[in-house]
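Report on the following structure.
The values are calculated or read from the model by the stated rules, or taken from the named source; none is laboratory data. This one's a predicted model, so the numbers in the text were calculated from it and none came from an experiment. Using ideal geometry, Cβ is built from the backbone for each residue, glycine included, and neighbour counts are taken over all protein chains shown.
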Amino acid sequence: MSEISAVWERIEAWYEAQGASHLLNPGASAEAIAQAEKQLGLTFPAELTESLMRHDGSAGMSWPGGDLLSLEGIARERSVWMELLESDIFSGNADHNETSTLIQSGWWNPGWIPLHADGGGNGMVVDMAPAQAGTAGQVLFMDHEVGPNEPEYDSLSAYLTAVAEGLEAEKFVIYEDAVVSVDDLDEEMEDSL
């Protein structure tokens with residue numbers, strides 16, 4: 001069993017135990033993935049392809065921290081970022097992270113594949129164009145206000161493993177079809193659980 005399959009089994013078990021399996025979308029077809037790659041002009045890493053074939057994202061904000069993007073969501077998020085990049089709005093940030101040996105300098109990179117969105121312009125991306133000491137497929141957080149951070153995970157499977165560990169450690173709950181951090185629950189939310 002691959003790392004992606006193994007970690008998805010853990011994630012699926014948590015959603016099932018919450019009665020929330022419906023919040024994980026069915027998998028995308030190989031044809032749909034190939035079409036998305038063609039549309040975006042990118043080749044997805046094998047781990048992302050395998051993950052999308054298992055689940056084509058989540059339904060709305062039903063993933064820890066927001067929305068696990070579907071193929072449609074990936075295309076939509078990337079389109080926004082590419083339009084901003086091509087408008088030269090980021091030209092004043094061309095030297096952002098210039099000392100990093102893991103990610104290329106700049107505010108946005110055309111080699112990034114949006115993975116997750118928090119609804120506020122931030123999210124995780126898969127980096128397919130790392131700097132010399134980086135790893136293709138590493139996952140980093142892109143904050144629209146402060147720019148990209150150094151990679152948080154060296155692979156998609158490492159990111160999904162961290163998600164599974166957070167779910168299993170009861171750091172999240174389902175509240176009105178959203179996955180919410182227990183740290184963000186208010187009294188009214190807690191009373192309704």
Residue, surrounded by the fewest Cβ atoms within 10 Å (Cβ to Cβ), within segment 150-168, restricted to residues that are outside any loop (DSSP other than H, G, I, E, B) and without any contact (Cβ under 8 Å) to a residue 60 or more places away in the chain: Glu165
Condition met for Val173 (among the β-branched types (Val, Ile, Thr) and either within 27 Å of Gly41 (Cβ to Cβ) or within 18 Å of the chain's Cα centre (by Cα) (or both)): no
Members of segment 88-109 that are surrounded by fewer than 16 Cβ atoms within 10 Å (Cβ to Cβ) and at pLDDT 80 or above: none
Number of positions in segment 18-53 that are hydrophobic (A, V, I, L, M, F, W, C), surrounded by 12 or more Cβ atoms within 10 Å (Cβ to Cβ), in a helix (DSSP H, G or I) and out of contact with any Asp or Glu (no Cβ under 8 Å at 6 or more places or on another chain): 8
